[in-house]
Structure formats: structure tokens, C-alpha cells
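S.K.: Take this structure, written in C-alpha cells, and hold onto it; I'll ask about it next.
The values are calculated or read from the model by the stated rules, or taken from the named source; none is laboratory data. Every value quoted in this text rests on a predicted model; they were computed, and no experiment measured them. Positions of Cβ are generated from backbone atoms using ideal geometry, with glycine treated the same way; all protein chains shown enter the neighbour counts.
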Amino acid sequence: MDCDHSQMMVCKPCSRVWCVPAIVGKADVFHRHCGSKLELLLSREDCAHATRGTVSFFGDSNRLEVQPDVER
């Protein structure tokens, strides 16, 4: 997967690597499915296995959450 102009983040409980828009920066982003906070990855080694995600604000949880593009 091409993650140019994006940043890599990981959900530790799921071991899922996310490719999210770089505009997210240092904001806290949570995995919509399991509710865990993502951690920024400084290496792009897992880029081939990353899921391209869409980050949205959800009022019910009052936070930014990522979910796969295909689930929207």
C-alpha cells in the first residue's frame, strides 16, 4: 500500500497498522472498532500491511476515531 502523504499508526491490542492522513499530526486517534488509542509509528516497515483509514470526529465518544475506508 502506498502511504505517501500519510502517517503510520498502530493499534497495539489489535496489532493493526493504519495509514492515516498526515494532517492528524499528534492528535489522539482511537480505533473505532476496539476503542484503543493508536500509537505513532516512526518506521514505515509495515507499510505493505497497513490499512488505509479515514479519521473522523464522533460526537458519541467525543474523539477522533479511525476506521477502514471500506466500512464508511
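S.K.: Restricting the search to segment 35-56, which residues are modelled with pLDDT under 85 and in a strand (DSSP E or B)?
M.R.: none
S.K.: List the residue pairs whose Cβ atoms are under 9 Å apart, where the first residue sits in segment 1-16 and is among the polar types (S, T, N, Q) and modelled with pLDDT of 90 or more, the second is surrounded by fewer than 20 Cβ atoms within 10 Å (Cβ to Cβ) and part of a strand (DSSP E or B), and the two are 6 or more positions apart or on different chains.
M.R.: Gln7/Pro21; Gln7/Leu40
S.K.: Which condition from (1) buried (at least 16 other Cβ atoms within 10 Å of the Cβ); (2) touching an Asp or Glu at 6+ places or on another chain (Cβ under 8 Å) is the one that Ser56 breaks?
M.R.: Single failed check for Ser56: (1).
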